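Trainee: Have a look at this one.
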Amino acid sequence: LPALFDSAAALRKYPTSYEESMNTVLVQEMVRFNRLLEVVQSSLTSIKKAVKGLVVMSSELEAVVNSMLCGKIPKMWAKKSYPSLKPLGSYVNDLLARLKFLQDWCDSGTPPVFWLSGFYFTQAFLTGVQQNYARKHKIPIDLLSFDFVVMEDKTYTSPADDGAYVNGLFLEGARWDRTTQMLGEQIPKVLNDRMPVLKLIPKRKEDIEPLPHYLAPLYKTSERRGVLATTGHSSNYVIAIRLPSDKPADHWIRRGVALLTQLDD
């Protein structure tokens with residue numbers, strides 16, 4: 001595992017700025033992942049000592065060992081972790097990818113495309129995008145909502161002028177038809193379809209055009225349920241994303257179509 005993030009150095013490099021809310025998002029994400037890393041590293045260090053007989057193997061450490069032997073995420077880690085249904089091996093790889101995403105952001109500057117699945121608290125990023133737009137155009141943030149555009153399947157090297165490019169989403173119950181640029185029926189034996197880059201565009205609510213669409217809920221895991229926090233945010237549900245469709249919404253609701261930030265494998 002990598003060392004803890006130096007959040008103080010990151011704060012000096014990316015100070016709190018009225019014009020750039022992403023600086024605050026980055027530092028806060030580092031702090032959240034540091035809490036998780038501290039638990040993971042301390043528990044693994046204690047287990048090594050316990051195996052050598054240097055410390056007592058407590059019931060908590062024994063539970064961590066048993067979970068690791070079964071390939072499950074230990075409850076001690078899950079209490080400080082983001083929601084995940086992955087087995088232990090995939091979870092560790094996913095965690096390392098998230099840490100690398102933040103480290104690259106800190107080292108190389110704001111990325112042109114944000115990996116939406118890599119955030120611990122996704123709602124903070126979405127609020128940051130709206131704040132940047134509201135402060136740039138002098139619009140109260142309460143009047144804003146998101147419009148969504150599914151982009152072409154290609155690499156984007158420049159950030160969006162307004163809003164943000166995001167990737168890392170998966171479509172469950174349907175697929176994205178690259179030809180018609182609309183929702184389409186699933187291909188047999190293909191349970192999930194990786195979405196192309198999505199552009200989040202903050203707009204005044206009355207300026208969003210009423211196009212034929214399906215409002216697909218975005219969840220962090222396929223469990224599709226979470227706990228409502230005191231902040232008013234769910235631990236699993238993120239946001240509803242408008243996807244173009246030539247079929248009525250009932251058609252996709254019966255198929256249970258939703259977007260996920262991560263798969264279970």
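Trainee: For region 214-233: of the residues being among the polar types (S, T, N, Q) and open to solvent by 30 Å² or more (accessible area, probe 1.4 Å), which is modelled with the highest pLDDT?
Mentor: Once the filter is applied, the top-ranked residue is Ser222.
Trainee: With surrounded by fewer than 17 Cβ atoms within 10 Å (Cβ to Cβ) and small (Gly, Ala, Ser) as the only criterion, which of Ser117, Ser145 stands out?
Mentor: Among Ser117, Ser145, only Ser145 is surrounded by fewer than 17 Cβ atoms within 10 Å (Cβ to Cβ) and small (Gly, Ala, Ser).
Trainee: Look at Lys80 and say whether it is of a type in the set (Lys, Arg), closer than 22 Å to Gly232 by Cβ and either part of a loop (DSSP other than H, G, I, E, B) or open to solvent by 20 Å² or more (accessible area, probe 1.4 Å) (or both).
Mentor: yes
Trainee: For region 1-71, which fully contained helices (runs of 4 or more DSSP H) count at least 3 residues that are open to solvent by 50 Å² or more (accessible area, probe 1.4 Å) and either touching a Gly at 6+ places or on another chain (Cβ under 9 Å) or closer than 18 Å to Tyr82 by Cα (or both)?
Mentor: Result: 22-52.
Trainee: Hey, can you tell me all the residues within region 89-105 that are open to solvent by 20 Å² or more (accessible area, probe 1.4 Å), out of contact with any strand residue (DSSP E or B) (no Cβ under 7 Å at 6 or more places or on another chain) and not acidic (Asp, Glu)?
Mentor: Of everything in region 89-105, those that are open to solvent by 20 Å² or more (accessible area, probe 1.4 Å), out of contact with any strand residue (DSSP E or B) (no Cβ under 7 Å at 6 or more places or on another chain) and not acidic (Asp, Glu) turn out to be Gly89, Ser90, Val92, Asn93, Leu96, Ala97, Lys100, Gln103.
Trainee: Looking at the structure I just gave you, is Tyr237 open to solvent by 70 Å² or more (accessible area, probe 1.4 Å), in contact (Cβ under 8 Å) with a residue 12 or more places away in the chain, hydroxyl-bearing (Ser, Thr, Tyr) and closer than 23 Å to Ala78 by Cβ?
Mentor: Yes; evaluated as a whole, the condition is true for this residue.
Trainee: Is at least one residue of region 89-104 under 17 Å from Asn23 (Cβ atoms), in a helix (DSSP H, G or I), at pLDDT 95 or above and among the hydrophobic types (A, V, I, L, M, F, W, C)?
Mentor: There is at least one residue in region 89-104 that is under 17 Å from Asn23 (Cβ atoms), in a helix (DSSP H, G or I), at pLDDT 95 or above and among the hydrophobic types (A, V, I, L, M, F, W, C).
Trainee: Inspect all residues belonging to region 172-181 and state whether any of them is surrounded by fewer than 17 Cβ atoms within 10 Å (Cβ to Cβ) and either among the aliphatic types (A, V, I, L, M) or within 16 Å of the chain's Cα centre (by Cα) (or both).
Mentor: no
Trainee: Taking strands (runs of 3 or more DSSP E) that fall entirely within region 129-191, which contain at least 3 residues that are touching a residue at least 12 places away in the same chain (Cβ under 8 Å) and within 18 Å of Pro111 (Cβ to Cβ)?
Mentor: Filter on region 129-191 gives 164-167.
The values are calculated or read from the model by the stated rules, or taken from the named source; none is laboratory data. If you're wondering where the values come from, they're calculated on a predicted model, not measured in any experiment. When we count neighbours, we look across all protein chains shown, and the Cβ atoms used for this are built from the backbone with ideal geometry, even at glycine. Remember, those area values only see protein heavy atoms, side chains included, never the ligands or the DNA or RNA. Shrake-Rupley method; radii C 1.70, N 1.55, O 1.52, S 1.80 Å.
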